[in-house]
Every structure is written in structure tokens, then in C-alpha cells.
Amino acid sequence: MTTAPHPAPADALPRPLVQSLLAHAVAGGAPAVEILAPATGRPIAELPQSSAADIERAFDTARRAQREWAKVPLRERISILRRFHDLVLAEQDAILDIVQLETGKSRVHAFDEVGDVAVNARYYAAAAEKLLATRTPRGVLPVLTRVEVRHRPKGVVAVISPWNYPLALAASDALPALVAGNAVVARPDNQTALTALWAIDAARRAGLPAGLWQAVLGRGSVIGGEVIGRADYVDYTGSSATGRTIARQAGERLIGYSLELGGKNPLLVLDDADVSGAARIAVRACFASAGQLCESIERIYVHDSVYERFVGEFVNRTRGLRLGSALDYSYEMGSLTFPRQIDTVTAHVEDAVAKGATVLAGGRARPDLGPYFYEPTILEGVRAGMTVYREETFGPVVSVYRVHSDEEAVEQANDTAYGLNASVWSRDTARARAVAARIRAGSVNVNEGFIAAWGSVAAPSGGLGISGNGRRHGPEGLLKYVDTQTIAVQRAVPIAPLPGMSEALWAKTMTLYFGVMKALRQK
Ligand code: NAD
């Protein structure tokens with residue numbers, strides 16, 4: 001691991017900036033908490049917390065604002081998304097600093113979030129009109145029954161987002177909700193609340209009316225119930241365990257929800273793969289945000305015939321990663337975000353080693369760099385019975401396995417309750433696509449790690465199995481925030497026997513009609 005000297009990381013945000021961002025939070029009724037910069041362990045800000053009364057106030061404001069917002073022409077709502085896109089790109093240095101300070105990640109990984117928000121804003125600005133257009137499907141009696149299907153915003157959407165991709169996961173899920181005519185009450189993680197508040201601030205400056213996107217602040221286990229208890233829809237990103245709690249609470253109220261949960265994502269290197277390309281991209285796919293990425297690769301299955309070559313190159317590249325923290329692009333991997341992350345990573349590696357696994361790279365915490373740094377780590381010889389074999393580490397730890405056929409690789413890849421992301425490497429893309437189709441995951445990247453599928457935001461993204469239900473991105477990522485309403489207008493004659501006609505004759509006539517419609521292949 002290269003650890004060249006670097007400028008001391010800035011670890012405080014200007015007080016006036018913090019105060020101006022906090023104006024978008026409805027909080028203060030509960031005791032404040034201190035937020036520390038993971039890279040240094042030093043305080044960033046005092047964060048006020050929301051009481052039940054604050055949360056109620058936020059929802060009341062949001063409801064009032066939403067009623068007016070739903071009347072605003074769609075084109076006007078879209079133009080705000082376009083301005084938001086430009087602002088995020090133009091002011092990226094400001095938000096990159098905040099993301100880095102709050103998460104400890106390297107700037108290159110923080111930039112992925114800026115890119116994510118930009119492509120989502122652009123996509124939904126371009127797609128919203130078509131997606132929200134009223135449809136006119138055929139009525140029960142052609143010509144006589146005119147049907148239209150309209151879209152109604154859900155109302156107030158709760159976006160409960162975690163700390164690992166705080167800009168992308170707070171903003172990119174809120175934008176389609178807003179453009180569809182909803183208000184959003186965000187509950188960002190305390191650790192990364194200022195990032196979410198910056199996004200709200202930028203949206204306000206892009207023209208979003210007041211009250212439509214506010215944040216409430218607090219630990220999920222403390223205020224989650226208060227938020228879900230008032231929302232019309234819940235968009236949640238986090239662990240599968242918490243996802244179950246959210247689903248129970250939303251189910252109790254019979255409101256809709258979308259859950260984006262954990263993963264134990266596999267990468268398959270087939271015998272004809274571009275081994276160097278696979279090794280290079282695997283490093284990015286395993287260690288982005290120090291592995292604290294739901295899509296990140298934690299298991300690699302390599303065909304026996306290319307195993308030594310792949311592992312050699314992958315280990316070399318991993319050992320060469322520049323590890324450290326600075327508010328610039330000088331480091332390739334940053335810090336973990338919480339003490340509990342380093343505890344989990346340490347426990348997974350120690351358990352594996354105690355049960356016979358070998359560390360090929362990394363395997364050590366690096367307190368010399370900062371309190372929560374851990375080296376990017378590659379394990380070999382991992383077997384069932386080791387914690388890391390099945391459980392999501394959500395840190396910079398990946399296990400490499402030798403396989404002897406595509407069949408075995410697919411079987412191993414599918415040996416998990418998760419199903420979020422996967423990657424397949426082969427020079428024969430038809431073969432790779434066939435393998436991809438057999439992997440039980442919401443997204444599979446061929447000759448890429450995760451960004452090809454994740455960044456293609458016109459296509460849906462989400463999990464199978466315990467990785468969640470519901471989708472973000474694509475039409476699904478917007479249509480989940482609206483209800484459909486069917487309005488049917490019956491013209492000239494009602495759908496009932498004509499005056500004087502017996503019910504029996506009516507039934508016979510309709511039977512004849514159904515037969516004719518089928519013969520004409522009408523829907
Ligand atoms: P976590 O479930 O403990 O916490 C995630 C967020 O949920 C936190 O902000 C937390 O405050 C909040 N929360 C906790 N209990 C809550 C409750 N009862 N009501 C409402 N909110 C509550 O998970 P974590 O370990 O902090 O986050 C990492 C997990 O998130 C990993 O499993 C990762 O894979 C997953 N994740 C998934 C995606 C995705 O898109 N699929 C993206 C990022 C992270």
C-alpha cells in the first residue's frame with residue numbers, strides 16, 4: 001500500500017455554511033449530536049435532532065407545499081431538475097469536500113456521486129413528460145367507452161437514506177419523486193446529513209419552492225417510525241435487516257415502499273476473459289468507497305486456467321492502491337466511516353484466517369492513517385462456515401475462489417440469499433450474456449464491475465432476494481412515486497340491457513360480442 005505524505009486533511013466546515021444548510025432541516029426539538037470526521041476523528045459539526053413535533057411540522061409543511069406543487073406545469077418542474085443538474089456540476093468542489101469530510105471516502109469515489117446525481121437529473125428531466133403522460137387505452141366498448149389513465153403523485157414521500165453514498169442516495173431518489181409532483185421529507189443518516197442538506201439547498205437555488213424538500217434529523221431506530229407513520233410512500237436504502245422493519249411498518253399502514261438493501265456480489269472471470277482488464281476493474285469494483293458500496297464485489301470466481309494470472313495481477317494492483325485522506329484526488333481509497341465498520345471488517349478477516357483462509361493482500365487496520373482506515377484486503381481459501389463466506393462485509397474485503405467451469409461459477413455465484421449486482425468477464429459477449437442471464441441478481445455487468453449497469457439510469461436498478469424489492473432508475477424509479485387513476489367515460493349507451501331487453505338476451509349478445517372481439521384479436 002502506498003502511503004505518501006499528504007497535506008493534513010481539512011476536517012471542519014465553516015460555521016456559516018453549516019448554519020445555512022441546517023435551515024433546510026426541521027430539527028432542534030431533541031438534543032443535538034456531535035458528528036466526527038471519519039478520516040481524522042475530529043468534530044465536523046453539532047447536528048440538531050428532530051423531535052416528534054418537528055417531524056409532524058415537517059410533514060404538515062410538506063403537505064401544504066405539495067398541494068400547490070402538483071398544480072405547477074410539468075415543464076416548470078422539469079426545468080428545476082435541469083438547473084439542479086448544472087448547479088451540482090458547477091459547484092462540485094463544495095459538495096465533494098462535504099461528502100469526503102462526512103464519509104472519509106476518497107475524492108474519486110465522492111465524484112461518482114456527483115456523476116450519479118447529474119445523470120439522474122438529466123434522465124428524469126428528459127423522460128418525465130413521456131412517463132407521466134396520460135394514456136388512453138381501449139375501453140370495454142370501443143368508441144363508446146373512452147378511457148384515460150392519469151398519474152397522481154403519492155403525496156409526501158419519505159426518503160430514508162444511509163451514509164455510504166450520501167449525495168447519490170439522498171438526491172437521486174428524491175428527484176423523480178419531486179418531478180412527479182410529490183413533496184419529499186428526507187431522513188438522511190446523521191453522519192452525512194450535511195451532504196443531503198446541501199442537495200436540498202442546491203435544489204432551492206435551482207428554483208424548487210420552499211417546503212417541498214426538507215430534512216428531519218435523527219437515528220433511524222429513534223425517528224424512523226415517526227417518519228413512516230406520516231408518509232404516503234417510503235423509499236429506503238440500507239441493510240436487509242432494517243429493510244424488514246421498514247416493510248413491517250409500511251405494511252401496517254398499507255403504504256407503498258421501495259427497499260434497496262444489501263449485497264454479497266460476485267464477479268466471474270471466465271477462461272477466455274481479458275484477465276488484465278478484469279483485474280483492473282475488479283480493484284475499482286471491490287474497493288470503491290472502501291467497499292462500503294451496496295454494489296461492490298465481495299466474491300470473485302476465477303476459472304482455473306487463468307486463476308494464477310488474474311490473482312497475481314489483482315493482488316499487485318490492490319497492493320499499489322494509494323491509501324489516505326485529502327480533499328483532492330491524490331488518494332485512491334479513503335477511510336471507513338464508522339468504528340462499527342472497522343469492527344466488522346476486522347472480525348470477518350480474523351474469523352476467516354483463524355479457520356484457515358490466507359491473506360493475499362492487506363488484512364490490517366491502519367490507525368497510522370486515521371482511526372478507521374483498513375487496507376484493501378484479498379482472501380484466498382475461504383470456505384463455508386467462515387463468516388465472510390456468506391455475510392456482507394460492507395468493507396474492503398474480497399475473497400477469490402478457483403472454479404473449473406461456467407456451470408460451477410454460476411452455481412457458486414448464486415449460492416447466496418442476496419441478489420443485487422454481479423459481473424461477468426469474457427471476450428465472447430454472447431457467452432457472457434448467457435452466463436449473466438443465469439445469475440440471480442438485479443443487475444449483471446459484462447466486462448464491467450458495477451458502473452455500466454448502475455450508471456445506465458434509463459434502466460432499472462434494484463435487488464432480488466434479500467437485496468430488496470422495488471427499483472430505482474428508469475421508468476420504474478419514477479412510476480413508483482405515482483398512483484394511476486383510470487377515468488372511464490361511457491358515451492351514448494350504458495353498459496346494460498337496452499330498455500325492454502331481457503337479462504338473458506343481454507348475456508347472449510355480450511357472449512357473441514366477446515367471441516367477435518377475440519376473433520378480431522382485440523385486447
Ligand atoms: P442500517 O440498516 O443499519 O442503516 C441504514 C440507514 O437506515 C441508517 O441511516 C439508519 O439510521 C437507518 N435506520 C436504521 N433503523 C431504522 C428504522 N427502524 N427506521 C428507519 N431508518 C432506520 O444499514 P447500514 O449498515 O448503516 O448501511 C449499510 C447497508 O446498506 C448495507 O447492507 C448496504 O448494502 C446497504 N445499502 C444498500 C444500497 C442499495 O442501493 N441497495 C445502497 C447503499 C447501502
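Structure notes:
- Rg over Rh, two decimals, the chain (C-alpha only, Kirkwood Rh): 1.04
- Distance from the C-alpha centroid of region 102-128 to that of region 286-305: 21 Å, rounded to the whole angstrom.
- Degrees separating the helix 275-287 axis from the principal Cα axis of the chain, which is the longest one: 80
- In order along region 454-464, phi translates into HN-Hα couplings of 4, x, 7, 6, 7, 10, x, 9, x, x, 10 Hz, rounded to whole numbers, per the Karplus curve 6.51 cos²θ - 1.76 cosθ + 1.60 with θ = phi - 60° and x for Gly and Pro.
- Summing +1 for each Lys or Arg and -1 for each Asp or Glu among the other residues whose beta-carbon sits under 12 angstrom from that of G207 gives +3.
- Other-chain or far-sequence residues with amide H under 5 Å of R299's (modelled H): N265, L267, S399
- With all protein chains in place and a 1.4 Å probe, the accessible surface of the chain carries 54 percent carbon and sulfur.
- The string of couplings for region 397-411 from the Karplus curve (6.51, -1.76, 1.60, θ = phi - 60°) is 10, 9, 10, 10, 10, 8, 10, 10, 7, 4, 4, 5, 4, 5, 4 Hz, one whole number per residue in order, with x for Gly and Pro.
- Rounded to the nearest 20 debye, dipole of region 1-157 from Cβ charges on Lys, Arg, Asp, Glu: 1240
- Net charge contributed by nearby residues that have their C-beta within less than 9 Å of T393 (K/R +1, D/E -1): -2
- In this calculation the C-beta distance from R122 to D304 is compared with R0 = 60 Å, giving a FRET efficiency of 0.85.
- Percent of beta bridges antiparallel (DSSP, the chain, rounded to nearest 5): 35
- Ratio of Rg to Rh over region 227-344 (Cα coordinates, Kirkwood Rh, two decimals): 1.12
- Region 106-210 - charge dipole about Cα centre, Lys and Arg +1 at Cβ, Asp and Glu -1, debye rounded to 20: 560
- In nm, spacing of pseudo-spin labels at T486 and R402 (7 Å Cα→C-beta vector): 6.0
- Each peptide in 476-482, 495-501 receives the mean, over its residues, of other Cβ atoms within 10 Å, and ordering these scores from highest gives 476-482, 495-501.
- Applied to region 126-131, the Karplus parametrisation 6.51 cos²θ - 1.76 cosθ + 1.60 on θ = phi - 60° returns per-residue 3J(HN,Hα) values of 7, 9, 4, 4, 5, 5 Hz, with x for Gly and Pro.
- Spacing of the two label points (7 Å from each Cα toward its C-beta) at K523 and N414, in nm: 3.2
- Positive-end residue of P166, S221, L270, charge dipole of region 159-282 with Cβ unit charges: S221
- Rounded accessible area of S20 (nearest 10 Å², 1.4 Å probe): 60
- Stretching E350 away from V72 to a fully extended chain increases their span by 94.4 nm, per 0.36 nm per residue minus the current alpha-carbon distance.
- Close amide-amide hydrogen proximity is noted between V424 and L268, N445, V446, N447, E448, each under 5 Å apart and 5 or more residues distant or on a separate chain (H modeled in the peptide plane; Pro and chain starts excluded).
- A cut-off of 5 Å between modelled amide H atoms, ignoring neighbours fewer than 5 places along the same chain, links V184 with V157, W213, Q214.
- Computed over region 66-201, Cα set: Rg, Dmax in Å: 17.8, 63
- Cα extents of region 133-262 along the three principal axes, largest first (Å): 58, 37, 24
- Look at the Cα gyration tensor of region 25-111: its axes a ≥ b ≥ c give a/c of at least 1.5 with a/b at or below b/c, and that counts as oblate.
- Sum of side-chain charges, L87 neighbourhood, beta-carbon under 11 Å (Lys, Arg +1; Asp, Glu -1): +1
- Solvent-accessible area per residue for the chain (1.4 angstrom probe, square angstrom): 41
- Distance between the modelled labels on L498 and R146, one decimal in nanometres: 2.4 nm (7 Å Cα→Cβ projection).
The values are calculated or read from the model by the stated rules, or taken from the named source; none is laboratory data. Owing to the predicted nature of the structure, the values given are computational and were not obtained by experimental measurement. Cβ: placed from backbone, ideal geometry, glycine included. Neighbour counts: every protein chain shown. Surface accessibility is based on the protein's heavy atoms, side chains included, excluding ligands, DNA and RNA. Shrake-Rupley method; radii C 1.70, N 1.55, O 1.52, S 1.80 Å.
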